[in-house]
Structures are given as structure tokens and as C-alpha cells.
Amino acid sequence: QVQLVESGGGLVQAGGSLRLSCAASGLIFSSNIMAWFRQAPGKEREFVAVIMRSGGTIHYADSVKGRFTISGDVAKKTVYLQMNSLKPEDTAVYYCGAKLSYISSYYRPPEYDYWGQGTQVTVST
């Protein structure tokens, strides 16, 4: 019933910007924890950002603080990740995850109930 669909990935030059979207269906959007993770070739899935409590609680990985912004649109049931000042090390497949109940360890991929298919972000030098 629950589906997450990411979009917005692509190829961008270092220093550029990109906005990712995650459209949710089959869930009560405002009651969920929504997060972005990424996975580069040969690496484990890495936490990027999370939003909960209608935006009242937001956390970012240290590697993206000051550059990325997570936000949500309740009417559109969509979570966004605005990515600025992109670096080549940001290159990865970006995944949207959803959790339907409270978790304290939001940075761990196994905690999430649902995932999107992922969208590729490639940052060139």
C-alpha cells in the first residue's frame, strides 16, 4: 500500500544545486518520520537527513550540514532535499525512507519500514 517515489536526480557540476523529491502514497504523511539516505558504489547506505514532528525536529549528517536542506509539503505529501554546493563526494544513489512509528536511531537504515527506488546523483569535477 505504501509507496515512495524519488525524482530529481541527475548530473550536475561541482558547486551546483539539485533538488530531490520523494512523493509518498498510502500513508499518513504528517505522522511519519521521513529521511534521506545515500549509497555510493562500494559503500554502505549512509544517513543524510531526517524530518519529523511536522518539521519540528530535523537532523543532518555532519557531511551535509550547511549545504543540504530537508523540507516537507503536507498538501503534496512530498519530502524534498535541496542540495547546494554539491561536491564530487556527494555522488551516490539517494533513497527516501519512511518510518511509521517513533525511533531514536533515525540514522540506521534497518529502522525504516519503506524505501523508494532511489535516484542517481552524479557530481562532476
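The values are calculated or read from the model by the stated rules, or taken from the named source; none is laboratory data. Quick caveat, the model's predicted, so the values are computed rather than measured. When we count neighbours, we look across all protein chains shown, and the Cβ atoms used for this are built from the backbone with ideal geometry, even at glycine. Ligands, DNA and RNA are stripped out before the accessible areas are found, and what is left, the full protein with its side chains, is counted by its heavy atoms. Shrake-Rupley method; radii C 1.70, N 1.55, O 1.52, S 1.80 Å.
Listing for the model above:
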{"item": "Residue-normalised accessible area of the chain, expressed per residue, 1.4 Å probe, Å²", "result": "51"}
{"item": "Built amide H within the under 5 Å cut-off of His59, gap 5+", "result": "Val50"}
{"item": "Carbon + sulfur, % of accessible area of region 56-100 - ligands and nucleic acids excluded, 1.4 Å", "result": "50"}
{"item": "Mean separation of Cα contacts under 8 Å, 6 or more apart, over the residue count of the chain: relative contact order %", "result": "36"}
{"item": "Loop sites in region 1-103: trypsin sites (Lys or Arg not before Pro), DSSP, at most 16 other Cβ within 10 Å", "result": "Lys43, Lys65, Arg67, Lys76"}
{"item": "Met52, Met34, reordered so the largest accessible area comes first (probe 1.4 Å)", "result": "Met52, Met34"}
{"item": "Estimated vicinal HN-Hα couplings, Hz - region 90-102 in sequence order (Karplus 6.51, -1.76, 1.60; Gly, Pro = x)", "result": "7, 4, 4, 8, 9, 10, 9, x, 10, 10, 8, 9, 5"}
{"item": "Cα-based equivalent ellipsoid, region 73-121: semi-axes from gyration tensor eigenvalues, Å", "result": "22, 15, 11"}
{"item": "Within a Gaussian network of the chain (alpha carbon springs, distance under 10 Å), most fluctuating of Glu111, Glu46, Glu89", "result": "Glu89"}
{"item": "Whole-Hz couplings from phi, Karplus 6.51/-1.76/1.60, listed for region 62-67; x for Gly and Pro", "result": "4, 5, 10, 4, x, 10"}
{"item": "Potential lengthening between Ile103 and Asp62 on full extension [0.36 nm per residue; Cα-Cα distance subtracted]", "result": "12.8 nm"}
{"item": "Inter-site label distance for Glu111 and Arg53 at 7 Å from Cα along Cβ, in nm", "result": "1.4"}
{"item": "Largest to smallest accessible area among Ser21, Ser101 [probe 1.4 Å]", "result": "Ser101, Ser21"}
{"item": "Inter-site label distance for Arg19 and Ala75 at 7 Å from Cα along Cβ, in nm", "result": "1.4"}
{"item": "5 angstrom amide H check on Gly72, placed H, neighbours 5+ away", "result": "Tyr80"}
{"item": "Of all DSSP beta bridges in the chain, antiparallel share, percent nearest 5", "result": "90"}
{"item": "Cut-off under 5 Å, modelled amide H: who pairs with Lys87 long-range", "result": "Gly15"}
{"item": "P(r) of the chain over all Cα-Cα pairs, binned every 10 Å from zero, in whole percent", "result": "14, 50, 30, 5, 0"}
{"item": "Rounded to whole Hz, the Karplus (6.51, -1.76, 1.60) HN-Hα couplings of region 109-114, x for glycine and proline", "result": "x, x, 6, 8, 7, 9"}
